[in-house]
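Have a look at the structure below before the remarks.
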Amino acid sequence: MLRPLDSEIASRLSKNLAIALSAVASNTSAEPTSSLASELFSPSSQLFNTLSTTEQIHASTLARTLEIGMGVRLEDVSLRWFGYEDSAKGTDAGVVGGYDVVIQKLVEEVKRLGGEVRVGQKVENVKPADGGEGGVAISTKGANDDTKPLQSRLVICTIPLSILQQTHTSLFPSPSSLSPRKTHAIINTHVGQLGKIVLSYSDAWWGTTVGAFTVLPQNDQQKPLGERKTDEKEGDLDALVRSVPLVVASFAVQPTLTDTVASTTATARNPHPTLLIYLPVPVVSQLESRLESEVGKAVHSYLASRLPTSPSQIVSMPVKTVLTNWSHDPYSLGATSTPLTIGATRAGINPTSFIDLGRPETLGVEGGASTVLFAGEHTSVNSRGSVAGAVESGIREGRRAAGLLQL
Ligand SMILES: Cc1cc2nc3c(=O)[nH]c(=O)nc-3n(C[C@H](O)[C@H](O)[C@H](O)COP(=O)(O)OP(=O)(O)OC[C@H]3O[C@@H](n4cnc5c(N)ncnc54)[C@H](O)[C@@H]3O)c2cc1C
């Protein structure tokens, strides 16, 4: 068990990272094939400003936490395009009651307007409707493999980029294929990886005054995972878990009398001995391939060895473990689009590719009206990879649909 980093050092590390990122983002002359890692970890990087050798290692490990939100390794991110977005700033926030509350309100509104919501229907394909009067025919499949044809004047497709990459030719079969521009953007824009594991306990054995903390690995993080001098071996769960920084959210925070902001949040009102841990890209796919209980045990043991506890504290085992499986789930196949990668850049992807991903399509009908519109995080130039991007693109395409339908 280790002591937490001194708060003055921790704040210096965070400040250095923010300054270094801002410097890197303003470098507009970088070669598209230079990586974010090469600049961020260069000896002259502001990441290491006024830090001792040990602190510099901590700074590198902290920088690796960026891979969690990005869903891609720093070595793969194209320096040329890093930070081009004009996205919402600030920290994450949760919806009180969970996202179900938002979905429920949306469903109520759709029904109030005379609409219908169907779930459990996989969209198999979308084609121009027969009869030459415009519109689209949509074929869906339910849980019992029962197909259902639908007809509509237009559709807004919010199928994730990863699924479009795998199925765009069957979703939009020839001769009503998507335009070459969109197809190119679909195939070459990178999709990232990110997972979560939730450990629930009967009692919180860790400190309950802090809602989120980061557990930095104890190896040198300047090198990509495969090249680091650790004892990690393919398939060694404990070594995999130890090799990456873990960002942990604790739901066990006890409200305090002075903590007016936290006490208004649902978590603070209903503390629960639960930890949520983000599983970053270098290890998520391997961890999601393993048994939930095994991964839970490995993450628990690691946290128990690293988090400070009082000598008399008994560290109980989790009573419930939930591990995501998004990298293999056929409806997500990973996380979201990532910052532009070197591979994508080499293939001709740039920020305008997100415009192409959101461009309406006529399904090969020459001079025809747009009948398929596209929304989803991957169609947002400024807010890709976030709920904000999904919502913003939904509003954009909703307005476009209303205009096209002359509502
Ligand atoms: C671990 C993790 C943590 C994240 N944390 C944050 C965060 O803190 N803040 C933030 O802003 N963003 C976060 N994100 C990103 C955010 O969740 C996404 O950007 C957002 O959910 C994208 O919304 P979407 O509607 O574009 O796609 P999705 O939410 O993926 O919705 C697409 C839907 O299409 C369905 N679908 C797929 N194929 C078919 C088909 N053939 N037929 C019918 N339906 C189909 C899927 O089942 C899914 O329901 C996180 C993502 C991950 C993975």
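The values are calculated or read from the model by the stated rules, or taken from the named source; none is laboratory data. Keep in mind the model is a prediction, meaning the values are calculated, not measured. Backbone-built Cβ (ideal geometry, glycine too); neighbour counts: all protein chains shown.
Just one of the listed residues (Gln104, Gln121, Gln151) is of a type outside the set (A, V, I, L, M, F, W, C) and surrounded by 15 or more Cβ atoms within 10 Å (Cβ to Cβ), namely Gln121. Being touching a strand residue (DSSP E or B) at 6+ places or on another chain (Cβ under 7 Å) and among the hydroxyl-bearing types (Ser, Thr, Tyr) holds for only one residue in Ser139, Ser174, and it is Ser139. Within segment 156-180, residues that are in the same structural domain as Arg399 (by TED's automatic domain parsing) reach partners that are within 15 Å of the ligand (Cβ to nearest atom) and among the charged types (D, E, K, R) with beta carbons closer than 7 Å, at six or more positions or on different chains, in the pairs Ile156/Glu397; Pro173/Lys127; Ser176/Lys127.
What about Leu66, is it of a type outside the set (Ser, Thr, Tyr) and either touching a residue at least 24 places away in the same chain (Cβ under 8 Å) or under 29 Å from Leu276 (Cβ atoms) (or both)? Yes: the conditions hold for Leu66.
Applying a threshold of 7 Å to beta carbon distances and a minimum spacing of six or more residues, or different chains, the list of pairs starting in segment 323-336 at a residue that is under 11 Å from Glu288 (Cα atoms) and ending at one that is among the charged types (D, E, K, R) reads Leu323/Glu288; Leu323/Glu292; Thr324/Lys196; Thr324/Glu288; Asn325/Glu288; Ser327/Glu288; His328/Glu288. Taking the listed residues Ala88, Ala137, Ala93, the one that is within 16 Å of the ligand (Cβ to nearest atom), hydrophobic (A, V, I, L, M, F, W, C) and more than 21 Å from Ser380 (Cα to Cα) is Ala137, with no other qualifying.
Residues in segment 156-190 that are surrounded by 15 or more Cβ atoms within 10 Å (Cβ to Cβ), aliphatic (A, V, I, L, M) and closer than 19 Å to Tyr331 by Cα: Ile156, Ile159, Leu161, Ile163, Leu164, Leu171, Ile186.
Checking each residue of segment 220-236 against the condition of being in contact with a helix residue (DSSP H, G or I) (Cβ under 7 Å, 6 or more places away or on another chain) and at pLDDT 80 or above gives no match. Of all the criteria given as (1) more than 17 Å from Gln218 (Cβ to Cβ); (2) surrounded by 14 or more Cβ atoms within 10 Å (Cβ to Cβ); (3) touching a residue at least 40 places away in the same chain (Cβ under 8 Å), the one not satisfied by Leu13 is (1).
Restricting segment 322-344 to residues that are more than 12 Å from the ligand (Cβ to nearest atom) and modelled with pLDDT of 95 or more leaves a set whose member that is nearest to Lys297 (Cα to Cα) is Val322. Report yes if some residue within segment 378-396 is closer than 20 Å to Gln151 by Cα and either more than 16 Å from the ligand (Cβ to nearest atom) or among the small types (Gly, Ala, Ser) (or both); otherwise report no. So far as segment 378-396 goes, no, none of its residues is closer than 20 Å to Gln151 by Cα and either more than 16 Å from the ligand (Cβ to nearest atom) or among the small types (Gly, Ala, Ser) (or both).
Across segment 32-63, the number of residues qualifying as free of Cβ contacts under 8 Å to residues at least 40 places away in the same chain, surrounded by fewer than 22 Cβ atoms within 10 Å (Cβ to Cβ) and not in a loop (DSSP other than H, G, I, E, B) comes to 5.
Of the residues that make up segment 145-155, is at least one in a loop (DSSP other than H, G, I, E, B) and either in the same structural domain as Pro282 (by TED's automatic domain parsing) or over 23 Å from Gly398 (Cβ atoms) (or both)? Checking segment 145-155: at least one residue is in a loop (DSSP other than H, G, I, E, B) and either in the same structural domain as Pro282 (by TED's automatic domain parsing) or over 23 Å from Gly398 (Cβ atoms) (or both). Screening segment 359-377 for residues that are near the ligand (Cβ under 10 Å from one of its atoms) and small (Gly, Ala, Ser) and picking the one that is farthest from Gly83 (Cα to Cα) gives Ala375.
Here Ala10 fulfils each of the conditions (1) modelled with pLDDT of 95 or more; (2) closer than 30 Å to Ser312 by Cα apart from (1). Of everything in segment 334-353, what is of a type outside the set (Val, Ile, Thr) and buried (at least 19 other Cβ atoms within 10 Å of the Cβ)? Give them in sequence order. Those that are of a type outside the set (Val, Ile, Thr) and buried (at least 19 other Cβ atoms within 10 Å of the Cβ): Gly334, Ala335, Ser337, Pro339, Leu340, Ala344, Ser353.
Within segment 98-131, how many residues are assigned to a helix (DSSP H, G or I) and not charged (D, E, K, R)?
Here is the first cut: in segment 98-131, the ones assigned to a helix (DSSP H, G or I) are 100-112.
Adding the requirement that they be not charged (D, E, K, R) leaves 101-104, 106-107, 110.
Residues meeting the conditions: 7.
Scanning segment 345-354 for residues that are more than 13 Å from the ligand (Cβ to nearest atom) and out of contact with any Pro (no Cβ under 9 Å at 6 or more places or on another chain) turns up Ala347, Gly348, Ile349, Pro351, Thr352, Ser353.
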